[in-house]
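Before any comments, here is the structure.
The values are calculated or read from the model by the stated rules, or taken from the named source; none is laboratory data. Given the structure is predicted, the values throughout are model-derived calculations rather than measurements. Cβ placement follows ideal geometry from the backbone for every residue including glycine, while neighbour counts extend to all protein chains displayed. Surface accessibility is based on the protein's heavy atoms, side chains included, excluding ligands, DNA and RNA. Shrake-Rupley method; radii C 1.70, N 1.55, O 1.52, S 1.80 Å.
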Amino acid sequence: MHGDEPNNFNSVGNFFMSRFEHSGEPGDIDQATKAYTRAVDLASDVHHDRPGFLSNLASALTMRFKHSRDVRILDEAIVLHRSAVEVSDATHEGFAGFLTNYAAALLMRFDILGDFSDIEDAVTINCYSVALIADGSPEKPDHLINLANSLQRRFQQRGLPSDIEDAIALNQHALELTLETDSSKRGLYVNLANSFYDRFQCFGRLGDIESSVAACRRAVAITPDDDPERPHHLNSLGIALHSRFRHLGQLSDIDGAIAAIRDAVAFTGDDHVNKSGYLSNLGVFLNARFERLGELLDIEDAVTANVCSVALTPVGHPYKPDRLANLGVSLHVRFERLHVLGDMEDAIVIDTYALFLTPDGHPEKPGRLINLGNALEGRFELNPKQRDDIDDAIALKRCTANLIPDSHPHKHSCLYNLSISLLSRFQHFIESDDIEEAILTARRAVELTPEGHPSKPARLTSLASAYLAHLTPLTAESDFSHSFDAFRDAADAQGPPSVRIRAALASIRLCSMNPTLVQPRHNVLGMHSRVLDLIPQVVWLGHSISRRYLELQEIGDAVSAAAAAAISAGDIHRALEWLEEGKAIVWSQVQDLRSPLDELNVAHPRLAERLSAIAAELEHAGGTQGRHLSLERSEQLLRTEDERQAQRHRAAASEYEDIITAIRKLEGFESFLCPRKVSELARAAAAGPVAIIQAHETRCDALILFREGFITHVPLPRLTYDAAEAMRKQLIAVLRQTGLRTRGDVLGALAQSAHFNDINNVLSALWIWVVHPVIRAVEQRGKLPHVTWCASGPLAFLPFHAAGDYRSKSRVSAFEFVVSSYTPTLSSLLQPHPPSNPTHRSGVLIVSQPDTPGCSSLPGADAELDVVARHFQHGSILHSAHATVSTVLREMERHAYVHLACHGAQHESDPLQSAFILHDGRLVLSQLMAKSMRGANLELAVLSACQTATGDAALPDEAIHLAASMRAIGYRSVVATMWSIWDDDAPAIANAFYANLNILRDEARTAGDETSSVVAYALHDAVRSLREKVGEKNLLRWIPFVYFGV
């Protein structure tokens, strides 16, 4: 090597360093280090470039440290950086750069060793470098940013407000000095965003997090998709949105955070130094959304993301404790949902290790103490005999509360966690000091939680629970009032609807358990009203339909309890309105999405157009069931299409609600899609009275609505909720024992006679306790009155039309007194105005499946086809192989009538999978729910299949059965079956029914009677014919045929 050898070796080092930055090959950085070392060795102490050689060697060693994590290499690099500074001065052209590199290495060592003097030195050095650079220099922004970062790091450790104020000012100044066309401006926006974020984290000023989000959005917007820094900017945006979600609770923020971080993960290779951090943040964000929405797949993905993050983070990495802590939290949260003991044990081990790795004085130390305390408390709840766990949990949480000043934005969270643990220990060991401290701690947590913070309802609920636990005869009045007030305030506060509704329900239970302490000011009916208001927010349009049904199971009998309370208070109108508002909620949501918008379209066409478009989108989105756990978990983290669909669904639901709110502010539309009042519901009784049957543990009643709008209240004192449930169970038991599970089950039919007494006992009790009192209230002269039964709870499964005693001596039957129909809600009987441009439909579609693959044969289906065809002049027939799912759905849209002669089944574990069984598969209920065939002449669907009106035992008030789905599609009338029918009975019923229907329709037209329920009367007479044919005591053969409709 010739010429200036030190410079030549330095050039070789630069070559290998440059190649390493592109290739990442460890051999390149080793070669660079050797070359730089040779340059330093050959350069004399007075060589002009010696400071640069020292700095380059230090930088190469620093790069080696990043890959080896050997702190000794970093120490050597810092010594070299210091030497570079010491052998040069401010007149050297590279002096400012030497200072900058020196400060950066000191900050890096602080991350490893936590020696605060390294930060102090870094701040001093960066101040010096900023002072050396003139304001007009293009290097000035970089030095301002370096100083801002070191001040920000010092602020994170010491919390001095002046540090973060100066950091923000420096970042803003750097931005001002940088041209918009300069690519470095993207990173400057992120730096400014991070400084705003840190100030928000410390002081909780909403404007700071808004500024942070805005700066991050700007950075992402001006960064090309292929820029290697884009994942970093997306990560910063995700962090800011997540923080704002934690403060304001807006779902769009957490959805945005997850979308941003998923993109960051997707664009980053596993070997990238930042990949583990992005995965860890993804886990944190998914965990936060799970806590809000409760979607199981979110917490599963959170655990997976955190496991991957920990695996990619080497031992000794400064963020290893953070990664471990996030994994521990997600395991604990998953344990609370799935109760897998291994998750809890793993969480304790991981939280303990994360705490061990976190030095005293570290800003994350309090959070680590809380995490371990929560995990120990979770294990204690599993095994309360292990008192050490709850004692340790409380000790850890007390320590945390003492470490954090009241001014810290997370202090209320620490106190809340401590109060929960104290309450738990009191409930197990009844030590008065614990409950006193729990109340004081919970009260202070409430005081420190800002108004509007999404955690406020949880804080108030904790305080209410502590007062409730403290309630004794001596403190009853005071504790009761404090507990009620806190529950009420929790229900009224801004925050997750699921937390708020639990608080409202808890206040109601509190009053029912302590009736002597209830005063008028407590307004129990008001709390019931709050529950009704919150149900649509919990059973949210933004969830899938299956998820909404799960939420309804959690709500339980809340609606029935509200109605019972209103009846007891003498408010019959409110009771009926509440029952209507709280029944068949999902069907009501579907119907609202399909509501005609003619009046709105005339007055506000653009608003109507937008609402119609969003409603159509929600109809499609609501039927999706989400991702499935069968996918590879690691793959799911990068599969963004399902995530985008779910986020778009939630966004559409929020937009729909915003549009509805805006419409209700318009003159003349104040009650647009609001729950209906009795004055409007009275139209449901146009064809005859509607008997709403309500059963609750506190009382049972019938509310009979007449067309004039008045309500007759019929108390049912002999009926109890337990008795109603017993009748339901007895009927189901008989159906199982007789084997009536599929159409054509002859053995089941023959076995019925052995169970006559069991069935008769149910029907007799139903007559005495419910039907006879109702009939007395609606009795009228002339033709048989038409009564529509609208029952709730276990009563929804019972055949009111067949109530009676069929023993020879005491024979009596509702069949002889009324013509019966059924409806899940009053609203479903209210026919909307015909659309302005109805689709013309005519004739009948007959679907016949005598030999469905995989099912028993139905020879009666062919006979039924011939019978039905004789009663219609026009129509189409789909027989056997022609009756495919897609063909049937398509042809249904072309006909006003449909007659299905096939197998049907109510799915017991997932009612949305209840189905008509066709030649090539199942036409399931969820498909029908998504179908809308709006039109003025969609007349009649006859479901000559089994179990088409059975419903789901877990959600009896939701009418999750095939008959309800056909009504929701738009059919005015539906004939269905409560259980399996005998194959030979179907043709007989069909023949008599259609013959009666044609006669009765002609009579109604002649008489000009548009309200006559001719379909109900036609079915009534057809069933009478079958009953006479098979014998009245053959109950299970003639009872199942029922009518739903107008």
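Brief remarks on what is shown
- Rounded to the nearest whole Hz, the Karplus-based 3J(HN,Hα) values (6.51 cos²θ - 1.76 cosθ + 1.60, θ = phi - 60°) of the range 256-270 follow the sequence x, 4, 5, 4, 5, 6, 4, 5, 4, 5, 5, 8, 10, x, 4, with x at glycine and proline.
- Size descriptors for the range 68-131, from the alpha-carbon set: Rg then Dmax equal 11.7, 35 Å.
- When the surface is traced with a 1.4 Å probe over the full set of protein chains, M63 keeps roughly 50 Å² accessible.
- Full-stretch length increase - A869, D920 - with 0.36 nm per residue and alpha-carbon distance subtracted: 16.0 nm
- Note that the range 133-256 shows a convex hull volume over its alpha carbon atoms of 100 Å³ per residue.
- Taking label positions 7 Å along the Cα-Cβ direction at both D49 and L440, the computed distance is 7.1 nm, reported to one decimal.
- Per-pair calculated FRET efficiency, R0 = 25 Å: Q927 and E655 via Cβ, rounded to 0.05: 0.45
- The long axis of helix 296-312 is offset from the longest Cα principal axis of the chain by roughly 20 degrees.
- Cα-only radius of gyration and Dmax that characterise the range 148-200, units Å: 11.2, 37
- On Cα atoms only, tilt of 50-68 relative to the major axis of the chain in degrees: 30
- Shape of the range 549-589 from the C-alpha gyration tensor: oblate (a/c of 1.5 or more and a/b not above b/c, with a ≥ b ≥ c the square roots of its eigenvalues).
- Reduced Cα scattering model of the range 964-1046, Debye log10 I(q)/I(0), q = 0.13, 0.21, 0.22 Å⁻¹: -0.44, -0.99, -1.06
- Of the listed residues R644, R38, R676, R72, the order by accessible area with a 1.4 Å probe, largest first, is R72, R644, R38, R676.
- Residue-averaged [θ]222 nm for the chain, counting only DSSP H segments that reach four residues, each worth -39500 (n - 2.57): -20000 deg cm²/dmol
- Tensor-based shape of the range 1-111 (alpha-carbon gyration tensor, a/c under 1.5 rounded, otherwise prolate or oblate): oblate
- The candidates Y806, Y1017, arranged from most to least accessible area with a 1.4 Å probe in the full protein assembly, appear as Y1017, Y806.
- With Cα atoms, 0 to 90° folded angle of helix 230-248 axis to the chain main axis: 60
- Dipole of the chain computed with +1 at Lys/Arg Cβ and -1 at Asp/Glu Cβ about the Cα centre; of S568, Y467, T441, farthest Cα towards the positive end is S568.
- Pairs with C-alpha atoms separated by more than 20 Å, drawn from the list K320/K411; K583/K665; K140/K275; K411/K456; K365/K411, are K320/K411; K583/K665; K140/K275.
- Built amide H within the under 5 Å cut-off of C700, gap 5+: L716
- Annotation: amide H of L878 within the under-5 Å range of I846, V847, S848, sequence separation 5 or more or interchain, hydrogens built in the peptide plane.
- Under the Karplus curve 6.51 cos²θ - 1.76 cosθ + 1.60, θ = phi - 60°, whole-Hz ³J(HN,Hα) for the range 534-540, x wherever Gly or Pro sits: 7, 4, x, 6, 7, 8, 8
- Unit charges on C-beta of K, R, D, E only; dipole of the range 446-507, Debye: 280
- Sorted largest first by accessible area at a 1.4 angstrom probe radius, with every protein chain in place, the residues H713, H272 fall in the order H272, H713.
- Between the range 891-931 and the range 515-585, the C-alpha centres lie 32 angstrom from each other.
- Put the Cα centre of the range 28-107 next to the Cα centre of the range 670-717 and the gap is 85 Å.
- Whole-Å distance, taken between Cα centres, linking the range 108-134 and the range 307-344: 33
- The local environment of D492, defined by Cβ-Cβ distances under 9 Å, has a net charge of +2 under the rule Lys, Arg +1 and Asp, Glu -1.
- Charge dipole (the range 990-1037, unit charges on Cβ, about Cα centre) - positive-most of N998, G1031, A1018: G1031
- For the range 475-490, 3J(HN,Hα) per residue [Karplus equation, 6.51 cos²θ - 1.76 cosθ + 1.60, θ = phi - 60°, Hz, x = Gly/Pro]: 10, 4, 4, 5, 5, 4, 5, 4, 5, 4, 4, 5, 4, 4, 4, 5
- Under a model in which nothing but the beta-carbon of Lys, Arg (+1) and Asp, Glu (-1) is charged, the chain shows a dipole of about 3740 debye around its Cα centre.
- Percent of beta bridges antiparallel (DSSP, the chain, rounded to nearest 5): 50
- Dimensionless Rg/Rh of the range 368-508 - Kirkwood Rh, Rg from C-alpha atoms: 0.96
- Largest-first principal axis extents, alpha carbons of the range 304-433, Å: 47, 37, 21
- Near the amide H of V819, within less than 5 Å, lie the amide hydrogens of H786, V787, all on another chain or at least 5 residues away, with H placed in the peptide plane.
- Shape call, the chain: gyration tensor on alpha carbons, a/c limit 1.5: prolate
- With the convex hull drawn over the C-alpha atoms of the range 277-320, the volume per residue is 50 Å³.
- E21-E554 FRET efficiency (beta carbon distance; Förster radius 41 Å; 0.05 resolution): 0.15
- Positive-end residue, the chain charge dipole about Cα centroid, Cβ charges, pick of S612, S162, F1044: F1044
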